[in-house]
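Visitor: Here's a structure for you.
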Amino acid sequence: MARKRRRRGPVRRSNGAGLTALSLCLTKRLAPAEGDAGDANLAFSPAAIYAALALLAAGARGGTLRELLDALGGESRDAVAAFARRVVDTAAGLQEAVSEINGCVAAATNNHIGSILDSSSVNAFTSLVVASAVYFKGKWEVPFTKSHTRVDKFHRLDGSAVDVPFMRSSRSQLVAVRSGYKVLKLPYRSPAAPPPPPQRKRASQSKAADEPDEAADELPKYSMCIFLPDERDGLAGLVAKIASGPGFWHYRMPAERVPVHDFRLPKFKLSASGSVMQALRDDMGIKSAFAAGEADLSGMAMRDGDEAGTPLHVGDVRHKAVLEVNEEGAMAVATGSYMLCGASAVMDQPETVDFVADHPFVFFVIEEVSRAIVFVGRVLDPSI
């Protein structure tokens, strides 16, 4: 019997697994440090950072490319991105590039993000800066009633409390009660399915009138999932659980709606920005791209300066995310969800539960069909 040949080299994940790994890497950063009672809210968009790294991979070669592909879960450059390049050589050109990048970001986010770079972000020695920005806004499947919103206390990690508006509802909710925490899923409104193009069919090829159309099943389904620890200071332990494996968050999702008694969710708006280079280097294994003299980005560009040109390396990866949650919703792409229904001779009614998010929690904005995590963040103080 012929022996099977072993596959050599690193086994790369699928693109979806690469995005999940990046999401878990960023989720770990949401845990407050031991003894830290700060009030800094935080948010990342794994999808946006993934897209920026995919652009970088398109211009990478050699070991740098292998590190990026391993992190992104792709087998080749073509599998993760198509690339457009632009090179700026002078200090004046760098400032012009900053203005151009900020202008593109503002236009793409309808001016909700006015800028992502400032004049100190680049200088004559800057090799390369990869920047990404994303803004989410959309509609809940079932909006909250504004007249029901009331101001109440939100308890911070340091034991103090602030007054913030809480959205309330008496409707049944998708809530799962787990050991030490609860999970709430708030679906977003589904986009209307585009009508199928008209076409003539032969009788033998015609579909039965009552045969289901599977096209609607391919529509994305977005939801916000909020993980709320039972204890007011339980956020760090909960984040550790969520980040323990790629399937943890998915298999803890609520499966059915339950009656709620006390339901309160604070309104909040997060605007977080900063460098994610350390997380990518230390947790995702992308190292050579950030090292002068080691990075191979020869497929992207060379800086002028000598006959051979000076090789590029990544100076930083800057990221900015803005997300607002109010009675209407929070997301740019409005989508939907489903509700499980059934009947039997004897049915046990689920017990009434409370979901009071009056202390720090973490949230995910997910696309359920692909399991992609579009946003991940923490709320330590909704009043900020």
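The values are calculated or read from the model by the stated rules, or taken from the named source; none is laboratory data. Fair warning: this is a prediction, and the values are worked out from it, not measured in the lab. Quick reminder, even Gly has a Cβ in these numbers, built from the backbone with ideal geometry, and neighbours come from all protein chains shown.
Visitor: Kindly establish whether E307 is part of a loop (DSSP other than H, G, I, E, B), at pLDDT 85 or above and surrounded by fewer than 16 Cβ atoms within 10 Å (Cβ to Cβ).
Guide: For E307, the condition - part of a loop (DSSP other than H, G, I, E, B), at pLDDT 85 or above and surrounded by fewer than 16 Cβ atoms within 10 Å (Cβ to Cβ) - is not met.
Visitor: Out of (1) modelled with pLDDT of 75 or more; (2) within 20 Å of the chain's Cα centre (by Cα); (3) in a helix (DSSP H, G or I), what's the single condition that is false for A31?
Guide: (3)
Visitor: Select from region 176-189 the residues that are assigned to a strand (DSSP E or B) and within 21 Å of the chain's Cα centre (by Cα) and list them in ascending order.
Guide: K182, V183, L184, K185, L186, P187, Y188 - these are the residues of region 176-189 that are assigned to a strand (DSSP E or B) and within 21 Å of the chain's Cα centre (by Cα).
Visitor: Output the number of residues of region 82-102 satisfying the condition of being at pLDDT 70 or above and of a type outside the set (V, I, T).
Guide: Of the residues in region 82-102, 6 are at pLDDT 70 or above and of a type outside the set (V, I, T).
Visitor: Another question, then. What single numbered condition from (1) modelled with pLDDT of 80 or more; (2) part of a loop (DSSP other than H, G, I, E, B) fails to hold for R281?
Guide: (2)
Visitor: Based on what the data block shows, is A57 touching a helix residue (DSSP H, G or I) at 6+ places or on another chain (Cβ under 7 Å), at pLDDT 55 or above and within 25 Å of G274 (Cβ to Cβ)?
Guide: Spelling it out, A57 is indeed touching a helix residue (DSSP H, G or I) at 6+ places or on another chain (Cβ under 7 Å), at pLDDT 55 or above and within 25 Å of G274 (Cβ to Cβ).
Visitor: Out of everything in region 343-362 that is modelled with pLDDT of 95 or more and of a type in the set (A, V, I, L, M), what residue ends up being nearest to the chain's Cα centre (by Cα)?
Guide: Here the answer is V362.
Visitor: Within region 158-175, count every residue that is assigned to a loop (DSSP other than H, G, I, E, B) and either within 24 Å of the chain's Cα centre (by Cα) or more than 23 Å from G237 (Cα to Cα) (or both).
Guide: Looking only at region 158-175, we keep the residues that are assigned to a loop (DSSP other than H, G, I, E, B), and these are 158-160, 169-172.
Okay, now just the ones that are also either within 24 Å of the chain's Cα centre (by Cα) or more than 23 Å from G237 (Cα to Cα) (or both), so 169-172.
Looking only at that region, the number is 4.
Visitor: Further question on the same structure: Where residues in region 157-181 are at pLDDT 95 or above and among the charged types (D, E, K, R), which of them is farthest from L280 (Cα to Cα)?
Guide: R168
Visitor: State which residue is nearest to E67 (Cα to Cα) when the search covers only region 270-289 and only residues that are surrounded by 16 or more Cβ atoms within 10 Å (Cβ to Cβ) and of a type in the set (D, E, K, R).
Guide: Residue satisfying both the conditions and the ranking: R281.
Visitor: Quick one: which of V130, V142, V105 is within 27 Å of the chain's Cα centre (by Cα) and at pLDDT below 70?
Guide: V130
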